[in-house]
Amino acid sequence: MPDEQPPRRRAGARPSAVVAVVSALADEHRTRLGRPLQVLDLGGGTGGVAVPLAEAGHQVVVVDPSPDALASLARRARESGSEGHVTAVQGDGDRLAESLAGREFDLACCHGTLEFVDDPESTLRAIQAALVPGGLLSLLVSGRLAVVFAKTIAGEFEQARAALVDPAGRWGATDPLSRRFDPDQIEALLTRTGFTADHTRGTDILGHLVPSSHLDSEADRAAVAQLDELLVVGPGREFLRTLGHGLHIIAHRS
Ligand SMILES: C[S@@+](CC[C@H](N)C(=O)[O-])C[C@H]1O[C@@H](n2cnc3c(N)ncnc32)[C@H](O)[C@@H]1O
């Protein structure tokens, strides 16, 4: 199938490191397949990942339970000229198959969403079932140790301790997240659900520890993001992924 022309790209903010990694991954896979990808973005929200992928010419189905997020997504896609490449489906990761009606995907993104579903294992199984053989997964989850460090630096020692010892990595009853993950744990979960993890990296290792008063310009934010990038690429520093506010895993369907 011939490659389609991507829709026009909107001038906008610098993409996050994760979006840049996913965009590069999608571009490589598109070259291998010789056509734009069919992409699932579960919990895609307002389209932070979906819209750049749609702008690049991929077809993206966003499944998210929030009507407000989906309305923002539609607006963002319209403004970027990529609305023909985005399908918004109001649905839930715990009942994913119902939302997808048999559609199949080359790439699935699940960023910041596994923390909210009832059963991460069954959600990952449903994502796996929706991927074609060899299909790719970009999974971004919250890291446990990052919140332990952040709470300690903030003087919230009880919450830090709770996050460290709680099996779900929660710092207390009012923690908005249902769970956080350690790298070994999320990789084991992926193996159990039919994926092979190819690469795990920590994201936002330093940035989330910096007081917001030190980050009052785009240049400051860019400088910290660059420090984060440099930090993880150095030899022997793979262990630092454990400290990422986010754990970004690239996997493929086994
Ligand atoms: C932290 S936001 C992440 C948004 C987007 N993926 C990103 O990275 O910018 C979490 C998203 O998960 C969605 N969400 C919450 N519960 C969900 C569920 N059970 N199934 C699927 N998505 C859910 C929310 O509506 C929200 O859009």
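Values as computed for the structure displayed
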| item | result |
| --- | --- |
| Local net charge near Arg253, Cβ-Cβ under 14 Å (Lys/Arg +1, Asp/Glu -1) | -1 |
| Helix axis angle, 67-80 relative to the chain longest principal axis, alpha carbon, degrees | 60 degrees |
| Solvent-accessible area of Glu229 with every protein chain in place, 1.4 Å probe, in Å² to the nearest 10 | 70 Å² |
| Dimensions (Å) - the chain, Cα atoms, principal axes, largest first | 55, 40, 39 |
| For the chain, accessible area per residue (1.4 Å probe, heavy atoms of protein chains only), Å² | 48 Å² |
| Accessible area of the chain belonging to carbon and sulfur atoms, whole % at 1.4 Å probe | 55 percent |
| Degrees separating the helix 218-233 axis from the principal Cα axis of the chain, which is the longest one | 90 degrees |
| Within-14-Å neighbourhood charge of His199 [Cβ basis; K, R +1; D, E -1] | -2 |
| With DNA, RNA and ligands ignored, accessible area of Asp92 (1.4 Å probe; Å², nearest 10) | 50 Å² |
| Check: segment 120-228 dipole with +1 on Lys, Arg Cβ and -1 on Asp, Glu Cβ, in debye | 360 debye |
| Ellipsoid semi-axes in whole angstrom, largest first, where each is sqrt(5λ) of the Cα gyration tensor of segment 146-254 | 25, 21, 11 |
| Rounded accessible area of Ser66 (nearest 10 Å², 1.4 Å probe) | 40 Å² |
| Cα long-axis angle, helix 183-192 against the chain (0 to 90 degrees, to the nearest 10) | 40 degrees |
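The values are calculated or read from the model by the stated rules, or taken from the named source; none is laboratory data. For clarity, every value in this text was computed on a predicted model and none was experimentally measured. Using ideal geometry, Cβ is built from the backbone for each residue, glycine included, and neighbour counts are taken over all protein chains shown. For accessibility, only protein heavy atoms count, side chains too; no ligands or nucleic acids. Shrake-Rupley method; radii C 1.70, N 1.55, O 1.52, S 1.80 Å.
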